[in-house]
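Below is one structure, written out as structure tokens; comments come after it.
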Amino acid sequence: EEPERGGAGAAGDGFRGSEGALGWRPAVVVVVEEEEEGMGGVAEVTEEELESVPQYTKGRITLEKVNGFVRAFDGVLKEKYRLLGKPYQQLSSKQMDRVKDFDASNSIETEGFYFLHDDDLKSAGIRMDTVYKTSITVLRFLNRLRETGGVMGKRSYLVL
């Protein structure tokens, strides 16, 4: 169920968008009541799924390391969209800056998907090491994530 599109959006209607060359479109649509249950996120990987990934793709990564990354990724994702779901009046100036950064990072490629950028993961303290890179590769192989070039050269990870 998608709200009607039109106008600039009333305050509190869940839209943060702008009038642009393509016409008005919401940057992010967030339904706060369904946030915890309806968000979904990335499902943890099972032993059978990890075994189906070719050895040259997964290397020596273990199931615990992949699922640890999945839990960290989901935590950052849920925090991002929880922050986007808050009314502007309840945001601190630091949170408002983050929301503006999130809104500016939307693109046509990310429309309709929950997504994170490399910068979102870095700012949350997730190390960009081989576990990170291999976990992303495994999740892409299992069709849990899609990687795009993103906006302004930022790599985006779309949750499928």
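The values are calculated or read from the model by the stated rules, or taken from the named source; none is laboratory data. Computed from a predicted structure; not experimentally measured. Ideal geometry is used to build each Cβ from the backbone, glycine not excepted, and the neighbour counts take in all protein chains shown. Quick note on the areas: whole protein, heavy atoms, side chains included, nothing else; ligands and nucleic acids left out. Shrake-Rupley method; radii C 1.70, N 1.55, O 1.52, S 1.80 Å.
Indicate the gyration tensor shape class of region 96-135 (rounded, prolate or oblate), computed on the Cα atoms with a ≥ b ≥ c the square roots of the eigenvalues: a/c under 1.5 is rounded; otherwise a/b larger than b/c is prolate and the rest oblate.
Oblate is the answer for region 96-135, as a/c is 1.5 or above yet b/c matches or exceeds a/b.
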Calculate, for region 87-160, the solvent-accessible area per residue in square angstrom, rolling a 1.4 angstrom probe over the heavy atoms of the protein chains. 58 Å²
Formal net charge of residues neighbouring Asp119 (Cβ-Cβ distance under 12 Å; K, R +1; D, E -1): +2
Out of the total accessible area of region 67-160 (probe 1.4 Å, heavy atoms of protein only), what percent is carbon and sulfur? 50 percent
Highest mean packing first, using Cβ neighbours within 10 angstrom, the peptides 66-78, 116-128 sort as 66-78, 116-128
Applied in sequence order to region 95-108, the curve 6.51 cos²θ - 1.76 cosθ + 1.60 (Karplus, θ = phi - 60°) yields integer Hz couplings, x standing for Gly and Pro, of 5, 4, 4, 5, 4, 5, 5, 4, 5, 5, 8, 6, 8, 5
HN-Hα J couplings of region 128-133 from phi, Karplus 6.51/-1.76/1.60, θ = phi - 60°, integer Hz, Gly and Pro as x? 8, 10, 5, 5, 4, 5
